[in-house]
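Participant: Below are the structure tokens for one structure; questions will follow.
Throughout, read-outs are computed from the coordinates displayed, never taken from laboratory work. No experiment lies behind these values; they were computed from the predicted model shown. Ideal geometry is used to build each Cβ from the backbone, glycine not excepted, and the neighbour counts take in all protein chains shown.
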Amino acid sequence: MANTGVARTDTVEKVLNGVDTGQILPNNPSDSWYIPPTINPTLCPVTYTTECPTPVITGRTGAFRYQFSLPNSSVMNPSVTSVRTRLTLAGSDVDTEIFTLPNVTPNFFDGTLAYISNGSYVFNLDYLDGSSSVIQTCNLGTYSLTI
Amino acid sequence: MATITLTSLTFNAVPSGNQLVHLKWRLTSDPDIPGSYTDIPDATVNTSGTIISPSPYTFTVPDDSITLVATNDCSTNEFSKDFPISITYKIDTYTCEQDSVFTPIATITGLSSPRFLYYDDVTGRVYGVDGDNVNGPFFWYLPTATLSSQINYTQSIIAGGGQKYYYASDLDPQYRRSYVTGRDTGGMNVYDWDTDAVTVVPFGSDGANFNRQFVKVFTNVILCTDTVAATLTIIDRATLSVISTTAFSAIPSGTSSLYGSPTIEQVGSEIWVARNNSSAGVQSPNIFCYNDTFTTLIRTINVSADSAVVASANVYCKAAWVYNGIYYVLDAGSSKLMRIDPATPTTYTVVHTFNNRGNQYNYTAAALVVDPISGDTFLNTTYYVALGNSSSRSVVFKWDFANDRPTYIYPDTSFLNLTRIGISNQLHGASPGNAVWNIPNTGWDTDGVITKYTR
């Protein structure tokens, strides 16, 4: 886990004529006094990561389809320019897909990788810097795929 | 409310001695007429205008500017003063949002099929309903509970010989009640959160499978159906008296729209019914738009071009909800999410198609869940091999309704709603697990779970 930079107000204190009343109230969206979440790096300084996600595999016959999410601490990491998914068979890449950051849906990634033969494939995710060098590789699992 | 303390009053004429004054106030925004004033206790003032009794002189007013008027027994001596009140709110406690958004902190496992949860401020309990626990469909627990043995169940009324098929349920936090309907419940069972007692609002007939498949709380009424008796019952939400029971056949297209387990939503002043079961009436997956008494079918929205019947269960649309005034319906067979703007109710747009899970889970159901802390919106999505089949997989999407697309995916996560525990950061959500299927009197599945999250 890492801070996104957003501070969420849990409770508020009522101030009457500039004087704290000590009256503590919940901060629900339906309340007239609701204070919405705000980006507040002072209260909640952002921390950066290159986290390895848990993917959801949405197709594994004919094409390898996947979805996963990356946290703000990773997609807003100033060292990371893009992420690349790779499907490998016996150590060789058979297909790759690159998502330049920021993605259309900043935290949500939905993609498809192709393969041409039955086999046991490894699904990888690479964090890349501005020169397309790999910062970190995540092994997201091994999958038995059929044509 | 604001408390105002008075120390002195100044009159137009200096009194010759201590005197009794009569005090009253009105909201400054209200007209200066007698009916706007609220009398407050008299005060005794000395010749300097200082209030000497009671001392201090305090009174309570709404959080708004007021005008105070004081008079003595001489009508010419009148005092008037405005008390502008400034109210602001400042952050008391806050939480730094974490990337995971939800952080599970504890689970209560081994439950049967818990559905909705609601934290009740009055009792400090979390109330819920269960789809198939033989100990009863109604339960409560304290927020500190961590074990299934700490869940307290209350049995339903079993009017039909001891069977316990529960088909539908809802919670009513406003009236602090839980509702369940089932095969042999004699009607709608009502569990009172104050008394832990169960009563029944009779409707429908016991004894037939898949009879009372629908109950839902609306603004002023509760709607129930009995598919076997083919009737729609409207119950007054406040008094729990039956307003009417109407045969499906007496409702325009009612035998098509209301058969089975439809999804019924209030859309503005209309009631929209998304047809769920394809095995009765006209074979079309329509959305039926009624007036609020079901006497008039205002229009029908045909979504057949983007629907596919779920062959195993004769099911069309499996879920619908209204968000920001826009109606959404999810077709189970096609896994397509459709958007209908009530301002242009004759057309619809497919805004998303859910991918099936590895060609293994062909049908999709979903429920809208709103985070009561942040207002964030989620779709609790379940992929089925076949509806009614015990094999399913769940994910939760954080959903962007402005763009009608997912913004985050939480694998293998499920909650049918979220309730906030008081003013804490803690949210509780329940997942019924795979099958919600009662095994009457003998046992129940144990894959249900309550998860506690912090934000």
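Participant: So what's the convex hull volume per residue for the Cα atoms of chain A, in Å³?
Facilitator: Values: hull volume 20.6 nm³, N = 147.
Convex hull of Cα atoms, per residue: 140 Å³.
Participant: Right, something else. If R0 is 60 Å, what FRET efficiency do you get for B:Asp64 and A:Val122 from their C-beta distance, rounded to 0.05? Provide the component values of the computation, followed by the final result.
Facilitator: Values: r = 66 Å, r/R0 = 1.11.
Calculated transfer efficiency: 0.35.
Participant: Another question, then. Using per-residue counts of other Cβ atoms within 10 Å, averaged over each peptide, order B:258-264, A:110-116 from highest down.
Facilitator: Details: B:258-264: 22.1, A:110-116: 15.3.
With the highest mean Cβ count within 10 Å placed first, the list reads B:258-264, A:110-116.
Participant: With +1 on each Lys and Arg Cβ and -1 on each Asp and Glu Cβ, and nothing else charged, work out how big the dipole of the protein assembly as shown is about its Cα centre, in Debye to the nearest 20. Before the final figure, lay out the partial values.
Facilitator: Details: 31 positive and 49 negative charges, 286 e Å.
That gives a dipole near 1380 debye.
Participant: Then there is this: So what's the net charge close to A:Thr96: Lys and Arg +1, Asp and Glu -1, counting the other residues with Cβ under 9 Å from its Cβ?
Facilitator: Numbers: positive: A:Arg84, A:Arg86; negative: A:Asp93, A:Asp95, A:Glu97, A:Asp126.
After counting each charged neighbour, the total is -2.
Participant: Then there's this: Once you sort the root eigenvalues of the Cα gyration tensor of the protein assembly as shown as a ≥ b ≥ c, which label holds: rounded (a/c under 1.5), prolate (a/b larger than b/c) or oblate (the other case)? Intermediate values should be presented prior to the final figure.
Facilitator: Working: a/c = 2.31, a/b = 1.44, b/c = 1.60.
Oblate, because a/c is 1.5 or more while a/b does not exceed b/c.
Participant: As a test of the formula, what do you get for chain A when each DSSP H run with n ≥ 4 contributes -39,500 (n - 2.57) and the sum is divided by the residue count, at 222 nm and rounded to the nearest 500 deg cm²/dmol? All intermediate terms of the calculation are to be shown ahead of the outcome.
Facilitator: Values: 1 runs with 4 residues, N = 147.
It lands at -500 deg cm²/dmol.
Participant: Along region B:244-255, what does the Karplus equation 6.51 cos²θ - 1.76 cosθ + 1.60 (θ = phi - 60°) give for ³J(HN,Hα), rounded to whole Hz, x for Gly and Pro?
Facilitator: 7, 10, 10, 5, 3, 5, 8, 9, x, 6, x, 5
Participant: A follow-up question, please. In nm, give the distance between the simple-model label positions of A:Asp20 and B:Asn291, each being 7 Å from the Cα along the Cα-to-Cβ direction.
Facilitator: My value for the distance between the label points is 5.8 nm.
Participant: Given only helices, namely DSSP H runs of n ≥ 4 each adding -39500 (n - 2.57), what is the per-residue ellipticity at 222 nm of chain B, to the nearest 500 deg cm²/dmol?
Facilitator: 0 deg cm²/dmol
Participant: Also, I was wondering about something else. Using the charge dipole of chain A (Lys, Arg: +1 at Cβ; Asp, Glu: -1 at Cβ; taken about the Cα centre), state which of A:Thr21, A:Ala63, A:Gly111 has its Cα farthest towards the positive end.
Facilitator: A:Ala63
Participant: As a footprinting exposure proxy, order B:Met188, A:Met76, B:Met1 by other Cβ within 10 Å, with the fewest listed first. Could you put the intermediate results ahead of the total?
Facilitator: Values: B:Met188 27, A:Met76 19, B:Met1 8.
Starting with the residue having the fewest Cβ neighbours, the order is B:Met1, A:Met76, B:Met188.
Participant: Test of understanding: extend the Cα→C-beta vector of A:Thr100 to 7 Å, then name every residue of region A:46-87 with backbone N under 13 Å from that spot.
Facilitator: Under 13 Å, as judged by backbone N against the label point of A:Thr100, lie A:81-83 of region A:46-87.
Participant: For an R0 of 41 angstrom, estimate the FRET efficiency from the Cβ-Cβ distance between B:Thr103 and B:Ala197 and round to the nearest 0.05.
Facilitator: Values: r = 37 Å, r/R0 = 0.91.
With R0 = 41 Å, the Cβ-Cβ based efficiency is 0.65.
Participant: Looking at chain A as a GNM with Cα springs under 10 Å, which of A:Gln23, A:Gln136, A:Gln67 has the largest mean-square fluctuation?
Facilitator: Maximum fluctuation in the GNM of chain A, among the listed residues, is at A:Gln23.
Participant: Another question about this same structure. Which residue, B:Asn46, B:Val61, B:Pro104, has the largest displacement toward the positive end of the dipole of region B:1-112 when charges sit on each Cβ (Lys, Arg +1; Asp, Glu -1)?
Facilitator: It is B:Asn46.
Participant: What is the spin-label model distance, in nm, from B:Thr3 to B:Asp236 if the labels are put 7 Å beyond Cα along the C-beta direction?
Facilitator: 4.2
Participant: Once you charge only the Cβ atoms, +1 for Lys and Arg and -1 for Asp and Glu, what is the size of the charge dipole of region B:80-173 about its Cα centre, to the nearest 20 debye?
Facilitator: 220
Participant: Among the lysines in chain B, how many pairs, 8 or more places apart or on different chains, have alpha carbons under 21 Å apart?
Facilitator: Values: B:Lys24/B:Lys81; B:Lys164/B:Lys216; B:Lys216/B:Lys318; B:Lys318/B:Lys336; B:Lys318/B:Lys398; B:Lys336/B:Lys398; B:Lys398/B:Lys452.
Final tally of qualifying lysine pairs is 7.
Participant: Could I ask something else about it? I need B:Asp376, B:Asp226 ordered by Cβ neighbour count within 10 Å, fewest first. Can you show the working numbers first?
Facilitator: On the way: B:Asp376 20, B:Asp226 25.
Ranked by crowding around the Cβ, least crowded first: B:Asp376, B:Asp226.
Participant: Evaluate the distance, in nm, between pseudo-label points positioned 7 Å from the Cα of B:Ala250 and of A:Val46 along their respective Cα→Cβ axes.
Facilitator: 6.3
Participant: Nearest 0.05, what FRET efficiency do B:Ala208 and B:Ser53 give at R0 = 51 Å with Cβ-Cβ as r?
Facilitator: That pair, B:Ala208 with B:Ser53, gives E of 0.10.
Participant: Moving on. Tally the DSSP beta bridges in region A:1-96 and give the antiparallel ones as a percent, rounded to 5. Please report the intermediate quantities before stating the final value.
Facilitator: Values: 15 of 15 bridges.
DSSP beta bridges in region A:1-96 are roughly 100 percent antiparallel.
Participant: Moving on. Using only the C-alpha atoms of region B:180-219, find the volume of their convex hull and express it per residue in Å³.
Facilitator: 70
Participant: Ranked by Cβ crowding within 10 angstrom, fewest neighbours first, how are B:Val369, B:Val273 ordered? Walk me through the numbers on the way to the answer.
Facilitator: On the way: B:Val369 21, B:Val273 28.
Ranked by crowding around the Cβ, least crowded first: B:Val369, B:Val273.
Participant: Inside 10 Å of the C-beta atoms of A:34-44, what's the mean count of C-beta atoms belonging to other chains? Provide the component values of the computation, followed by the final result.
Facilitator: Values: counts 2, 5, 2, 7, 2, 1, 4, 0, 0, 4, 5.
Average per residue, whole number: 3.
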